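To start, the structure itself, in structure tokens.
Readers should treat all values here as calculations from the given coordinates under stated rules, not as data from a laboratory. Everything numeric in this text was worked out from a predicted model, so none of it was measured. We place every Cβ from the backbone using ideal geometry, glycine too, and count neighbours over all the protein chains shown.
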Amino acid sequence: MLINLSGNKLPIQTQEPLSWSENEHIKDFKNFISSYIEQEKNTTNEPTERLICGEDDREEVHDVDVNSSILSRATCHLAITFDDGTLAAGTGFFIAPRKVVTAGHCLYDKEKGYAKKIIVRPGLNRRSNGDIDPPFLGDFAGDIRVPENWEKHNDHNYDWGLITLAKEDLYDRAGKPSLQLWAATNDEIGDKLFTLWGYPDKCDFPNQCLFFSKKPEQIKEITPHIIYSKHDITSGNSGGPLVLNEDIKVLAICSHSYNNCDDGNGFTRITDNVKSTIENYNWP
């Protein structure tokens, strides 16, 4: 059964970021991060994800290009502006030429409203010399959707979302990277190891850099809709793919954290219904 979705077709932007130069993208990204950091300094709200369990063993990825791993090219930085003007940084990942999957709260927040502008940049990273590199440039989201149960009830069982790009150019530039949504059974998950990819606020300014968990972790607890694990997450990780170690199969989407490491962090599971809904949605 397909899941009912809510969302918006986003306003047509006057800019064409696919035609921007690399320097223009770097400048835009740094301006966004500067404003985002300033916003966070002026708010008393804690970020939605900030839980490190034990030693932080995440590893940064450098020097991404079209010959790099599919995971490094498919993982996207999201620069998000909500209806109320609030900024947020998150993670998404390609599963098809125009489809980028992320967390629901990256697209809709009951207080901030829907996102009104999102720039998607796959493979954004720091080169070995420390310079920011958007290797495939970036593009605006054209359409965003979340499950109605996320919009109406803030239900973490449904904390996932879908971004549709208006064009395939960005996917093509990145070497056509696609991750595979994996509606695994409990037995298929078993005691396998998994790795988390994303853009945590871990490095120096600009603080959103591409990381993956260096030491794969086993799943702590499996429920019908949420996977619990001790993978470290901090702000910016939202929407990142939890993948079968050294594979492109996505088990779950980084969603939320708890204050107690005994509980683990929460990842919204790819169920058969989630997989079918995402794969069958087409816009326009």
* Structure fact -> The set of residues whose placed amide H lies less than 5 Å from the amide H of W160, leaving out same-chain residues fewer than 5 positions away, is G104
* Cysteines having no other Cys beta carbon under 4.7 Å from their own, within the chain -> C76, C106, C254
* To do: Quick one: which residues, 5 or more positions from N125 or on another chain, have an amide H under 5 Å from its amide H? H modelled 1.01 Å from N in the peptide plane, none for Pro or chain starts.
  => D133
* When the dipole is taken about the Cα centre of the chain, and only Lys, Arg (+1) and Asp, Glu (-1) are charged at their Cβ, what size is it in debye, to the nearest 20? -> 540
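Beyond a 19 Å Cα-Cα separation, which of these cross-linked pairs lie in this structure: K117/K249; K41/K116; K167/K275; K202/K275; K9/K167? Kindly include the intermediate steps, with their values, before the conclusion.
Values: K117/K249 29 Å; K41/K116 23 Å; K167/K275 22 Å; K202/K275 31 Å; K9/K167 14 Å.
With Cα atoms farther than 19 Å apart: K117/K249; K41/K116; K167/K275; K202/K275.
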* To do: With Rg and Dmax of the Cα atoms in Å defined as stated, name the option among (1) 25.8, 81; (2) 19.7, 60; (3) 17.1, 49 computed from the structure displayed.
  => (3)
* Structure fact -> Quick note on R58, R121, ordering by fewest other C-beta atoms within 10 Å, gives R58, R121
* Built amide H within the under 5 Å cut-off of E217, gap 5+ -> F194
* Lys/Arg Cβ at +1, Asp/Glu Cβ at -1, dipole of the chain taken about the Cα centre: which of T195, S72, H25 is farthest positive-ward? -> H25
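In the P(r) worked out for segment 180-275, what percent of Cα pairs fall beyond 20 Å? If you can, show how the numbers build up before the last one.
Details: 1383 of 4560 pairs.
When all Cα pairs of segment 180-275 are counted, 30 percent exceed 20 Å.
Add -39500 (n - 2.57) for each DSSP H run of 4 or more in the chain, then divide by its residues: what number comes out at 222 nm, to the nearest 500 deg cm²/dmol? Before the final figure, lay out each step's value.
On the way: 6 runs with 49 residues, N = 284.
The helix contribution divided over the chain gives -4500 deg cm²/dmol.
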* Structure fact -> K220 neighbourhood, Cβ < 12 Å, K/R = +1, D/E = -1, net charge -4
* Asked: What full-extension length gain, to one decimal in nm, is calculated for Q180 and E148 as 0.36 nm per residue of separation minus the Cα-Cα distance?
  -> 9.2 nm
* Protection proxy ranking, peptides 269-277, 101-109, 59-67, average beta carbon neighbours within 10 Å, highest first -> 101-109, 269-277, 59-67
